[in-house]
1. Only Cα pairs within less than 10 Å get springs; with that Gaussian network setup on the chain, which residue of 89, 140, 125 has the largest fluctuation?
2. Would you mind classifying the stretch 70-163 by shape? Square roots of the alpha carbon gyration tensor eigenvalues, ordered a ≥ b ≥ c; an a/c under 1.5 is rounded, otherwise it is prolate if a/b is larger than b/c and oblate if not.
3. Rank these for me by crowding, 46, 95, 79, 12, going from fewest to most other beta carbons within 10 Å.
4. Take the chain, connect every pair of alpha-carbon atoms lying under 10 Å apart with a spring to form a Gaussian network, then pick out the residue of 148, 127, 83 with the largest mean-square fluctuation.
5. Taking 7 Å along the Cα-to-C-beta vector as the label spot, tell me the residue 89-residue 181 distance in nanometres, rounded to one decimal.
6. For every helix of n ≥ 4 consecutive DSSP H residues, a contribution of -39,500 (n - 2.57) applies; sum these over the chain, divide by its total residues, and give [θ] at 222 nm rounded to the nearest 500 deg cm²/dmol.
7. If you rank 112, 142 by fewest surrounding Cβ atoms within 10 Å, what's the result?
8. Using the count of nearby Cβ atoms within 10 Å as a rough guide to exposure, how do 51, 151 rank from fewest to most?
Ligand SMILES: C[S@@+](CC[C@H](N)C(=O)[O-])C[C@H]1O[C@@H](n2cnc3c(N)ncnc32)[C@H](O)[C@@H]1O
């Protein structure tokens, strides 16, 4: 690969079917007076749609500084950080996340921003695991998490991780493709 090839490679995840499925599923479930966080905002597509179509106040976050820059260019508030780490207890009514979920063997991992946008480690749940373990902390008692998952990521195993964190899960949208089924999960505190 030449240096100019490398410069032309995208460094931010471009919106795809998963981004659209997540945005379409959640727009009608968010009220204008709610505070929303999109973890892993990438280009800011989902966050911008939520902001424009619901009137809610939306913050995006991403580990990739280029993604934060892109989101800010879209007029969004963006915070660089790992998953839910930068945020305080009980801060959000809604947290949404289209995570890197593709199961990827270690020998196929690359250390670049696009790989970090796609790879979910060997079982596809590398980022989902710590996200679900902590998201209840930053969510208000009656808040909702909207998580995009794939059949490649083992949706029952994801629901079990939510259960382990004291939360319950239901499917609110799905779409099937030749190699996977994409699902949007709504996850809430168990007693909300
Ligand atoms: C599949 S992309 C989704 C991008 C965008 N939300 C969308 O739906 O088009 C996953 C995003 O998660 C971000 N990401 C990966 N690891 C992260 C981490 N530890 N903390 C925060 N964001 C992370 C990636 O940089 C990428 O922008």
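Rule-based calculations on the coordinates, nothing more; no lab input. Just so you know, these numbers come straight off a predicted model, no measurement behind them. Note: ideal-geometry Cβ built from the backbone for every residue, glycine included; neighbour counts use all protein chains shown.
1. Greatest mean-square fluctuation among the candidates belongs to 89.
2. Working: a/c = 2.17, a/b = 1.23, b/c = 1.77.
Judged from the Cα gyration tensor, the stretch 70-163 comes out oblate (a/c at least 1.5, b/c at or above a/b).
3. Working: 46 30, 95 26, 79 16, 12 19.
Exposure proxy ranking, most exposed first: 79, 12, 95, 46.
4. Top of the fluctuation ranking is 127.
5. It works out to 3.9 nm between the two label points.
6. Helices in the chain give a 222 nm mean residue ellipticity of -9000 deg cm²/dmol.
7. Numbers: 112 12, 142 9.
If I rank by nearby Cβ atoms, fewest first, I get 142, 112.
8. So the residues, fewest neighbours to most, are 151, 51.
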